[in-house]
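Please treat every number below as a calculation from the coordinates, not as lab data. What you see is a predicted model, and the numbers here were worked out from it, not measured in a lab. Please note: Cβ atoms are built from the backbone with ideal geometry, for glycine as well, and neighbour counts cover all protein chains shown.
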Amino acid sequence: MQATICGSPGCGAVPVVQWRRRPTAAELDVIVRAEQARRDKARLLADPALPTPQFGPLPTAADVVISVYGCTKHHVTLAAAALVHSAACLAPDPAHLTNCCTPEPVASSPSTGQVAMTTLATGWTVPAVPTVPSPPTPPLVQPSGPATLP
Ligand SMILES: [Zn+2]
Ligand SMILES: [Zn+2]
């Protein structure tokens, strides 16, 4: 398991921001090969008495996102971190932090605008965590006094 570090060349600091970008052709090739190998193995190990495992189409660049990590010095803006960047995006390379690429527009969601937002101490505005009603408190059992003999 590779440690997650800031993606800026030569930085290696602990990341604090994560965003996504599309895979390069080489990255997609690795992902597709791994998925094909997983499917081949699943077919090989499948119980012949059961129907052959069926799989959907192999992933394409439109299905895959690569996580990019940035430290406190090397990161895109919060607005840009919410978007999917292009495969050629070089952020968090310091030379490409501003106007790194043209990120994909956000897919409109029917719930957008209806989500309650809250502002954190860091100044970031995030969806508010829905408040779950706390379970009713069980009534306290009054300890009975010392038993008195008649
Ligand atoms: Zn960094
Ligand atoms: Zn970008």
Would you mind getting me the FRET efficiency between Asp63 and Ile5? Use the beta-carbon distance for r and R0 = 25 Å, nearest 0.05.
0.45
In Å and from the alpha-carbon atoms only, list the Rg and Dmax of segment 17-127.
19.0, 58
When the Karplus curve 6.51 cos²θ - 1.76 cosθ + 1.60 is applied with θ = phi - 60°, which whole-Hz ³J(HN,Hα) does each residue of segment 82-88 get, with x for Gly and Pro?
7, 9, 8, 8, 6, 5, 8
I need to check one value: relative contact order of segment 17-127, counting alpha carbon pairs closer than 8 Å and at least 6 residues apart, in percent.
29
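What FRET efficiency would be calculated for the residue pair Leu45, Val141, taking the C-beta separation as r and a Förster radius of 41 Å, to the nearest 0.05? Working shown, then result.
Values: r = 56 Å, r/R0 = 1.36.
FRET efficiency, Leu45 to Val141: 0.15.
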Calculated FRET value between Ala82 and Ala34, using beta carbons and R₀ = 41 Å, to 0.05
0.90
